[in-house]
Amino acid sequence: MKPTIAIVGASTNRSKFGNRAVRAYARQGYDVYPIHPQAQTVEGLRAYPTIQDVPVAELDRVSFYVPPAVGLQVIGDVAKKQVREVWLNPGAESPELIAKGQALGLNMVVACSIVDIGEDPHRLDTR
């Protein structure tokens, strides 16, 4: 069974890290669920308006590419899914968000999730 990830803040703009993450994880063999409030697809994958719309009960990872204030609004929904790890990428973290995630019983990781899977986010083609 392939590992799963939801990308909160997935982007249709190839220069944004929320788009690079979608491509990097797909390239590494993950089932990727882009979360975007308006887009129908991101990089050819069906996008979902919220994490609650993702059609699986369990996720290996949820990776945040949104400002901490947005993360605080959605972390409660993340906790309603079975999630092994929540990754807060650079710029997505705040002490308040980390504390809230931990209080909800989530395993919070503060690091670049693209680098963690052996990809270089700066080398992903932006064209």
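The values are calculated or read from the model by the stated rules, or taken from the named source; none is laboratory data. Treat the numbers as computed from the prediction; the structure is a model and nothing was measured. Surface areas here come from the heavy atoms of the whole protein model, side chains and all, with no ligands, DNA or RNA. Shrake-Rupley method; radii C 1.70, N 1.55, O 1.52, S 1.80 Å.
Points to keep in mind about this one:
- In percent, rounded to a whole number, the relative contact order of the chain is 24, using alpha-carbon pairs under 8 Å and six or more apart.
- The stretch 8-58: C-alpha gyration tensor shape, a/c 1.5 cut-off, then a/b vs b/c: oblate
- On the chain, 49 percent of the accessible area sits on carbon and sulfur atoms, based on a 1.4 Å probe.
- Counting only protein heavy atoms and using a 1.4 Å probe, the accessible area of residue 16 comes to about 110 Å².
- Evaluating 6.51 cos²θ - 1.76 cosθ + 1.60 at θ = phi - 60° for every residue in the stretch 61-70, the Karplus couplings come out as 9, 10, 10, 9, 10, 10, x, x, 4, 6 Hz, glycine and proline recorded as x.
- Per residue, the stretch 43-127 exposes an accessible area of 54 Å² to a 1.4 Å probe, with every protein chain left in place.
- Expressed to the nearest 5 percent, the antiparallel share of DSSP beta bridges inside the stretch 23-119 is 15 percent.
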